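Engineer: Before we start, here is the structure in question, set down as structure tokens.
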Amino acid sequence: MKNNMLKVLVVLALGAVILIPGIAGASTTIYTDEAAFQSALASGYYLENFATLDPYTDLGITVSFGPVNGFSYDAYAANDLYSGPESNVNLSTFYNTDPILITFTGSPVYAFGGQFFTVAADGSDATGTTTIYVTYVIDTIPVTIPVVYNNDDDLRPFLGIISSDALTSVSIASEQLGPDDTQWPAVDNFYVGLAAVPVPPTVLLLGSGLLGLVGWRRFRKSF
């Protein structure tokens, strides 16, 4: 019975959409499939692939992006941001212990998403398995979702959030469990925008703790 229940939970958590409880009256939908997330967005969103950044460059403490379709944001890292390799430029940090903080500065943002992963010192995708902590702020309340990245899967994990209330910021931090603690937090293909259909104020829900449980089980199995 326990094994069957666990299988059900795993299938639900790894699906394209997970609904989580209201936060201070807000409701949030989590997407783990990029295509499903994109189809749920209203037209006129802003997708940034960071291709205009010079590769292998110390970008300074703050870099501004946009406005595109009215959306803009500032990316910040305490000890400078860093761009990835020419073959696939991404946004990372100069010190692996620093998170990337993204603060929305333009039109109100109700949806964000992206590929969240870790990179090595040269900006290329890191080897091994680590957990990336994506924290978004809604109604002044931070909500953290763990995302497991395993380079052996050859697939950068996607996380998308659509909220019934405006989002103010997002941060991306690495758990630092990679080989020799050399895994820098990174983001690529970052979306900001609005939902095509507003998230309802109340929904039948599956807690975000379930997503963390599945991520933790995958993480433990990798060692």
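Engineer: Along segment 118-126, what does the Karplus equation 6.51 cos²θ - 1.76 cosθ + 1.60 (θ = phi - 60°) give for ³J(HN,Hα), rounded to whole Hz, x for Gly and Pro?
Structural biologist: Whole-Hz 3J(HN,Hα) from phi for segment 118-126: 10, 10, 8, 4, 8, x, 7, 4, 6.
Engineer: Could I ask something else about it? Can you list the residues, at least 5 places off or on another chain, whose amide H is less than 5 Å from the amide H of Y82, using H built in the peptide plane?
Structural biologist: The answer is L59, S92, T93, F94.
Engineer: Karplus couplings for segment 183-195 from phi (6.51 cos²θ - 1.76 cosθ + 1.60, θ = phi - 60°), rounded to Hz, Gly and Pro as x?
Structural biologist: Taking θ as phi minus 60°, the curve returns 10, 8, x, 8, 9, 8, 6, 8, 9, 9, x, 10, 7 Hz for segment 183-195.
Engineer: Another question, then. May I have the convex hull volume per residue, in Å³, for the Cα set of segment 77-136?
Structural biologist: Enclosed volume per residue, from the Cα hull, is 113 Å³.
Rule-based calculations on the coordinates, nothing more; no lab input. The shown structure was predicted, so the numbers you read here are calculated from the model rather than taken from an experiment.
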